[in-house]
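What follows is a set of notes on a single structure, which appears directly below.
Values in this text are rule-based calculations from the coordinates and carry no lab data. As the structure is a computational prediction, the values presented were derived from the model and not from experiment. When we count neighbours, we look across all protein chains shown, and the Cβ atoms used for this are built from the backbone with ideal geometry, even at glycine.
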Amino acid sequence: MPQTLSQCTNCGAFTRRSLYYEEEYQSSVLLERLRTSNFPATDEEISHIRQNILPTVSDDISSIESRAASLHEVIRLMEKERERLISIQKKYNNLVSLHRALPSEIWSEIFLHTLSSASDYNAFDASGSIWQLSHVCQKWRNIALSLRSFWSTMDIRFPKAAQQEADVQRLETVIQRSRQGPLDILLSDTSDRHHPDSNPSILRRMLDIALAESYRWQEFHLSDWGRGLNMLYAPLHTQLPRLESVGLYCAQLETGEHSVVSVFKDCPRLTKVILGGGSTLSVEFPWHQITELDLSSVDLSGSSRESEDERRAYIRLIRQCPSLEILSTPFWDSRDDEDESAYTPITCSNLCKLDATSVPAIDALTLPSLREASFNRHPTAGH
C-alpha cells in the first residue's frame, strides 16, 4: 500500500501514513474502464473525479511541496553548520600541524628558496617577494626581518618626483634591516632631472644614504649615470674594503685625478669586473688580482680613431691581468685595413674559461690552461 511522510505537530518528527485514496482510484473499476477504453466518462463519473479524487490529489501535492520546502530549509541550515564545523576543524588541524613545530632556521631556508629571480632579491622593491613574505603573519614577519641576507640586495633606480619621498623612507628601512651585513648595490638614474616637479635634493639624500654604507658593499653595479659619476668619488674613495664585484654600464666617463675612474684601484678584495661601454675600459682597477672579467657588453667595432684606441686599451687591459681565470670578450669587428701586428701576443696562463663574441678579440691570446670555451656571435655582427 502506498505511503507518504507526515510531520508530527507536537515534536516535529516525521511519520508515515497510507494513501487510502490512491488505492481507491487506482484499483477502481471506474479508473480501469476509462484507461482501457475510448468511451467518454459519464456525468456521474466526471462529477466523482472532480469532487472526490482530484481535490484529494491536489491537497496531497500541496502538502508534499510544503514539506519539501521545510526539508530544503533544514538542509540549508545543516550545510551552514557543516561549514562552521569545517572551519573549526581546520583551525584545530593547524594547531597540531607539523609546520608549527618547524624551527626558524628551516623557515629561513624555505624563504630563501622562494627568491627565484633577480627581481625577487631586490629589497628596494616594495612589491617583491621579500616584502610580501614579511606581511603574512607575525611569525613570518619576524623570520623575514631576522634574515639579514633578505635585505642585502638593493636595485635603486632613482625615481620620478611622485614617488621620491616614499622611496627615501623605504631605503632607510632596508638599510636598517640589513644589520651591518654585506650589501649588493645596483644604482641607476631613471629620473627626469628636467621635470618641473623634479627635486634634486631627494636624489642627493638617497645617494648619501647608500654611500654612507659603502664600507660594507660586496657587489656594486652602476648604470645610466654618464657624466654625473664624479659625484661618487669623494664618498667612495678608500671606503670599499669589502668590495668583491663591480659592474659599470656607462656610455661616457669623466677622467681626471679625482674622478670615478680611480675609485676602485685600491679595493683589496675585488676579483670580478663587468664593464659596458668603451669608455669604461679607462677605469682603474687592481688588475693584478682580477680573476673574472666580463666585457661582453663592450662594442669595439668601428673605424674611428676612438674605436681603435679602445681596442688598444682592451689589449693593454688583458695584459695587466695575470690572475685572470674567466673572460667574456667584447665584440670586435675585424677590418681588412687593420694592422693586427700592432697587437702583440698575450699568454693568459691561468685562463680556464672563455666566452667569445668575435674572433679578433681572441686572436692575440695564447691560452695554455683553457678547459671550457664558447662562441656567441654578437647580434650586430654580419652573416
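Report the gain in length on full extension from residue 242 to residue 136: 0.36 nm times residue separation, minus Cα-Cα distance, nm rounded to one decimal.
34.8 nm
Net charge near residue 245: determine it from the other residues with C-beta under 12 Å of the C-beta of residue 245, scoring Lys and Arg +1 and Asp and Glu -1.
-2
Counting only other residues whose beta carbon sits under 13 Å from that of residue 103, what net charge do I get with K and R as +1, D and E as -1?
Numbers: positive: 100, 139; negative: 105, 109.
Result for the local shell: 0.
Short version: ³J(HN,Hα) in whole Hz for each residue of the stretch 129-146, in order, from phi by Karplus 6.51 cos²θ - 1.76 cosθ + 1.60 (θ = phi - 60°), x for Gly and Pro, what are they?
4, 4, 5, 5, 4, 7, 10, 7, 7, 5, 5, 5, 5, 4, 5, 4, 5, 7
For the pair residue 96 and residue 68, what calculated FRET efficiency results from E = 1/(1 + (r/R0)^6), where r is the Cβ-Cβ distance and R0 = 56 Å, to the nearest 0.05? Don't skip to the end; give the middle numbers.
Working: r = 42 Å, r/R0 = 0.74.
The formula returns an efficiency of 0.85 here.
At R0 = 41 Å, how high is the FRET efficiency between residue 201 and residue 355 if r is their beta carbon distance? Nearest 0.05 is fine.
On the way: r = 43 Å, r/R0 = 1.05.
Step by step, r from the Cβ atoms, then E = 0.45.
How large is the Kirkwood hydrodynamic radius of the stretch 45-112, counting all unique pairs of alpha carbons, in Å?
On the way: mean 1/r = 0.0573 Å⁻¹.
Computed over Cα pairs of the stretch 45-112, the Kirkwood hydrodynamic radius comes out at 17.5 Å.
Residues with amide H under 5 Å of residue 222's amide H, sequence separation 5 or more or different chain, H placed in the peptide plane at 1.01 Å from N; which?
When sequence neighbours closer than 5 places are left aside, the close amide H contacts are 187, 247, 248, 249.
What lysines does residue 265 reach when the alpha-carbon gap must be under 27 Å and sequence neighbours fewer than 8 apart in one chain are set aside?
353
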